[in-house]
2 protein chains.
Amino acid sequence: MPNEPQSKYDQKLVHVLKTSAAIFAEKGYHSTSIRDIARATKMSLSGLYYYFKGKEELLFLIQDYCFSTVIDDCHKLLEGVDDPVRRLKLLIENHLYYFVHNMNEMKVLSHEANSISGDLYKKVNSKKRQYVDLVMSLLEEIARANRVTGLDLKVATFSLFGMMNWIYNWYNPRKDVDVAGLSQNITRIFLSGLLGDKRIEAERLETGREAQLERKVSIWQ
Amino acid sequence: MPNEPQSKYDQKLVHVLKTSAAIFAEKGYHSTSIRDIARATKMSLSGLYYYFKGKEELLFLIQDYCFSTVIDDCHKLLEGVDDPVRRLKLLIENHLYYFVHNMNEMKVLSHEANSISGDLYKKVNSKKRQYVDLVMSLLEEIARANRVTGLDLKVATFSLFGMMNWIYNWYNPRKDVDVAGLSQNITRIFLSGLLGDKRIEAERLETGREAQLERKVSIWQ
DNA sequence: TCTATCATCGAACACTTGTTCGAAGTCCTC
DNA sequence: GAGGACTTCGAACAAGTGTTCGATGATAGA
């Protein structure tokens, strides 16, 4: 997508994408019809198809552009920073910053990850994998430097993504802490959780209680 | 749902619910047609409607029964345990235990939370609120007892749920750590994150870099 | 002013959707 | 084996879906 002097075409495309993202975020991708989007953008049904080949490409354009921005800015932000802890902090901050300021698009990116298929899915997902790898290697570095042992780094990585990406389910920018506060809190929990107390690591869970209660495995009994 | 000698009716209903949950988990609720379910259960389209009033009630039955089991067993497990930290550990363990052993149903519960509406939505959500309150009050207790300051407990609460509920996006029971390991890791990260290092709390994020890079607010520029 | 590209539209198509309804089949009890 | 409840089914319906197509404005460079 071009940068400086956005053409009339680009402006309108962005308008379509923004509006679509808002509706997708509210009703979900599959429950949104092209007619819904036509109504919201005040365009005709067929007129929309001038801007995308099909509904799935519409979803792709939102996801891809949104995610690309997050990643690109993340790399810019990390440039020249060597300390892995500092790098991680900046990554978290960047991620949450975009999440909060583009909740619709980020929700569509997170929640509709599997609503896309084929090559378009592959395209988004290869970027996603890169991003995950970046985080995981950062955690590895931090863990090694701080002699963290007995922690599964894949669990740690996706725990962090879970904390960050879950916010579209509860966060209300008007009622809750601001982005800075959100970022600080999550960073603090995760980072001191990562480096944290060996006492907690050592303590075993009392699996005894499980058997004691003869808990079902399947909820269906 | 009755317990001991399940009637033929109940057995078949459970079969329908389990099969539906599996398809919902794979394709998503809205992209699943009743015809898909008919095919998978080897029943006729209209025959299914003997077991539920409509597609939405089908989703409700899965979500409600699944969540009720998790909560009921959680309360049983916590009964007689006073130490809030121990209570939290057991809650996490219970939650993850059911998540891993009933991934389909728990994914449907998490991912299709907004695919349900009206009274059925209210019913599921009032339980959800109770469950969230239980966790939040547990965290409050722990934070007070350990003189944890400057931590937003709502952020902490939903960070925990994010860590736990996100697993349907990545966890593979055949490749990754087992439930016990998963539970230990997440408990360790969150708990030592909660009680954790004051140093991390004190450290301010370098918001300077933000301005330096004149990052956009909206990704659409 | 002519013209070629850009942008938009109404109408229609082929298809899938959730749901209903009346009629069968099946089972157990008397 | 008659009667009644429980269970299943085929066929149909009305509504909504994504997408296409040919035609019509708009725009701007020659």
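Observations
- Among the candidates A:Gly80, A:Gly54, A:Gly47, residue that is closer than 30 Å to A:Arg188 by Cα and among the small types (Gly, Ala, Ser): A:Gly80
- Of note, A:Leu88 does not satisfy the criterion of being among the aliphatic types (A, V, I, L, M), within 13 Å of DNA strand D (Cβ to nearest atom) and in contact with a Leu (Cβ under 7 Å, 6 or more places away or on another chain).
- Count of region A:27-36 residues which are under 24 Å from the mean Cα position of the chain (by Cα) and either more than 8 Å from DNA strand D (Cβ to nearest atom) or among the hydrophobic types (A, V, I, L, M, F, W, C) (or both): 3
- Filter pass, A:Ser117 being away from DNA strand D (no atom under 16 Å from the Cβ), in contact (Cβ under 8 Å) with a residue 12 or more places away in the chain and within 14 Å of chain B (Cβ to nearest Cβ): no
- Residue satisfying all of: in region A:47-67; under 20 Å from the mean Cα position of the chain (by Cα), crowded, with 18+ Cβ neighbours inside 10 Å and within 16 Å of DNA strand C (Cβ to nearest atom); farthest from the other protein chains (Cβ to nearest Cβ) among these: A:Leu58
- Against the numbered list (1) more than 10 Å from chain B (Cβ to nearest Cβ); (2) touching a Leu at 6+ places or on another chain (Cβ under 7 Å); (3) away from DNA strand C (no atom under 15 Å from the Cβ); (4) free of Cβ contacts under 8 Å to residues at least 12 places away in the same chain, A:Asp82 comes up short only at (2).
- Any hit, region A:87-105, residues being at pLDDT 95 or above and surrounded by fewer than 16 Cβ atoms within 10 Å (Cβ to Cβ): no
- Test: residue in region A:173-183 that is outside any loop (DSSP other than H, G, I, E, B), modelled with pLDDT of 95 or more, surrounded by 19 or more Cβ atoms within 10 Å (Cβ to Cβ) and within 7 Å of chain B (Cβ to nearest Cβ): yes
The values are calculated or read from the model by the stated rules, or taken from the named source; none is laboratory data. Every value quoted in this text rests on a predicted model; they were computed, and no experiment measured them. In this analysis, Cβ positions are derived from the backbone assuming ideal geometry, glycine residues included, and neighbour counts consider all displayed protein chains.
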